[in-house]
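One structure is given below, encoded as structure tokens.
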Amino acid sequence: MPASVAGIVVLLKQLAAVCYARRVKVLILYRPKSEHATKVESFVRDFQHQHDTGVKVELVSADTREGAATASLYDIWAFPTVMALADDGHMLNMWQGDSLPLMSEVAAYTYAS
């Protein structure tokens, strides 16, 4: 299967998962005392202000037990990590590292819920 077709198939599977998810949860796993903390917190504040989807973005510190458990569960080693999760915990999409996703990319998952 050509790479472009394979990419489309993956995208369609992700969109189908979003359509069947009753609620979507957006979770950001980060380190509050890192150089990225201000950028992450600004992203959350701006996202909530610009996208009135009714979905609250949850910030979770990777330095807590809950954060460490979440990182282990989803095999996350790079921070910050933005996750769109279905109500059953199924990973819909994940963005990792210094470059945060576009707010519209994250909002696309929340509008479908």
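Data overview
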quantity	calculated
Order of HIS51, HIS90 under a 10 Å beta carbon neighbour criterion, fewest first	HIS90, HIS51
Calculated from backbone phi, Karplus (6.51, -1.76, 1.60) coupling profile of segment 100-107 in Hz, x at Gly/Pro	6, x, 5, 4, 5, 5, 5, 4
Modelled FRET efficiency - R0 30 Å, ASP88 with LYS39, Cβ distances, 0.05 increments	0.50
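Read-outs throughout are calculated quantities, based only on the coordinates presented, and are distinct from any laboratory measurement. Computed from a predicted model, the values in this text were never measured in an experiment. Positions of Cβ are backbone-derived with ideal geometry, glycine not excepted, and every protein chain shown enters the neighbour counts.
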